[in-house]
Structures are given as structure tokens and as C-alpha cells.
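**Student:** Dumping the structure here so I can ask a few things about it.
The values are calculated or read from the model by the stated rules, or taken from the named source; none is laboratory data. Because the structure is a prediction, the values reported are computed rather than measured. Cβ sites come from the backbone with ideal geometry, for glycine too, and all protein chains shown count toward neighbours. Please note that ligands, DNA and RNA were not included when accessible areas were found on the heavy atoms of the full protein model with its side chains. Shrake-Rupley method; radii C 1.70, N 1.55, O 1.52, S 1.80 Å.
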Amino acid sequence: MLELFSSIVQWSADFIGRTGHAGIFLSSFLDRATIFLVPAEIILPLFGLLIAQGKFSFTSVFILVTAGNLLGNLFLYWIAMKGGRPGVERWGRYFFVSKHDLEHSERFFAKHGDKIVLIGYFLPTVFRSLAPIPAGLFRMGRSKFVWYTLFGSMPINLIYIFAGIKAGDNWELLLS
């Protein structure tokens, strides 16, 4: 497992090194738009490490991560709203959304309503990742969705980036 983690971190570092700010935005977008393909729990601390090394500024990383997250979430929200449940069932597998995940998120959203979008970002990855889908299916207002997404995602983004900054020089120790 540690080897897998190490290889993902190395691949991500190489990718960001080659693509710079565009890679930060794209990684953050893909983290949200593809659910589990590029996990925030790995890339955001990596961005913090790159900040600690002086390769990027905190402000630029935070803005790009926030924009990428928002647009990735809006993409899933739009797919769910336009395609409805049949569309999500048909196309969701291309974004790593299973029928089980869809049913679970719908039940959770029906029970807790719009507020799940806001508080969902503080829950484990599966809830945070799936929040846009029932929001789109239940046709939550777009502006409300945007504000809830921004206010819900910024604190968790800060925590992960800050963890990477604090890891700083000890990153090699964490991987060994």
C-alpha cells in the first residue's frame, strides 16, 4: 500500500512539475469531476509541499484549487441535473460513480436536504465527492449550490494544503 501511495505522490509531483499552475487547476478539477481518480487527500498536501519548497505561492495554489474544485463540482451537478437519474446511471461509470453510490447519495440527500452539500465537504471522501450529484438530481438552486460548495470546500482545502506545508522537509520521511 505504501508503494502505491509513494508512486501516486511521485507521479503527481512530476505532473505538477511539468504543468505548473495549469496542472494544479486540472488536478483539482479532476479530483471533483472524476470522484476518486485524483484524491484530494494526496494532491492537496503535495501542493502544500510544493509551496513549502518555494515552487508556488500559497495564494495562487489556493485560488486554483478552489476554482478547480468548484468547476469540477459544477460539472457533476450539471450532468446530474441535465441527465437526471437515467443519465447518471448511464454515464456515471465514466466518472467513477456506481449505481450503489448514486442510491446512497440520493437517500442521504433526501434525508438531510440542501445542507448536505455544505456539510458534506467535512465528511469522508465518498460524501464530499458525491454531494453534487443529488444536488443536481434534486435541482438545488445553482447559486445556492455554488455558495455551499465554496464555503464547504475552502476549509478542508486549507487543512490539506496546510498539512503539506507543515510536512515540508519531512516529506521523504513520510514516504519511507
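**Student:** Which of the residues spanning the range 31-57 are of a type in the set (A, V, I, L, M), open to solvent by 50 Å² or more (accessible area, probe 1.4 Å) and modelled with pLDDT of 85 or more?
**Tutor:** Across the range 31-57, the qualifying residue is only A52.
**Student:** Can you pull out every residue in the range 63-75 that is free of Cβ contacts under 8 Å to residues at least 60 places away in the same chain and either closer than 18 Å to R18 by Cβ or β-branched (V, I, T) (or both)?
**Tutor:** I63, L64, G68
**Student:** What are the residues in the range 52-83 that are over 15 Å from G164 (Cα atoms), over 16 Å from the mean Cα position of the chain (by Cα) and among the polar types (S, T, N, Q), if any?
**Tutor:** If the condition is that a residue be over 15 Å from G164 (Cα atoms), over 16 Å from the mean Cα position of the chain (by Cα) and among the polar types (S, T, N, Q), then S60 is the only one that fits.
**Student:** Another one. State all residues of the range 137-155 that are open to solvent by less than 50 Å² (accessible area, probe 1.4 Å) and either in contact (Cβ under 8 Å) with a residue 40 or more places away in the chain or over 16 Å from A67 (Cα atoms) (or both); if no residue qualifies, say none.
**Tutor:** Once the filter is applied, which keeps residues that are open to solvent by less than 50 Å² (accessible area, probe 1.4 Å) and either in contact (Cβ under 8 Å) with a residue 40 or more places away in the chain or over 16 Å from A67 (Cα atoms) (or both), the range 137-155 yields L137, M140, G141, F145, V146, T149, L150, S153.
**Student:** For the range 58-72, give me each residue that is under 16 Å from R142 (Cβ atoms) and open to solvent by 10 Å² or more (accessible area, probe 1.4 Å).
**Tutor:** Matches in the range 58-72: L70, L71.
**Student:** Any residue in the range 50-62 that's free of Cβ contacts under 8 Å to residues at least 40 places away in the same chain and within 22 Å of W11 (Cβ to Cβ): show its pairings with residues that are open to solvent by less than 60 Å² (accessible area, probe 1.4 Å) and assigned to a helix (DSSP H, G or I) at Cβ separation under 6 Å, as long as the two are six or more apart or on different chains.
**Tutor:** Cβ pairs passing all conditions: F56/L50.
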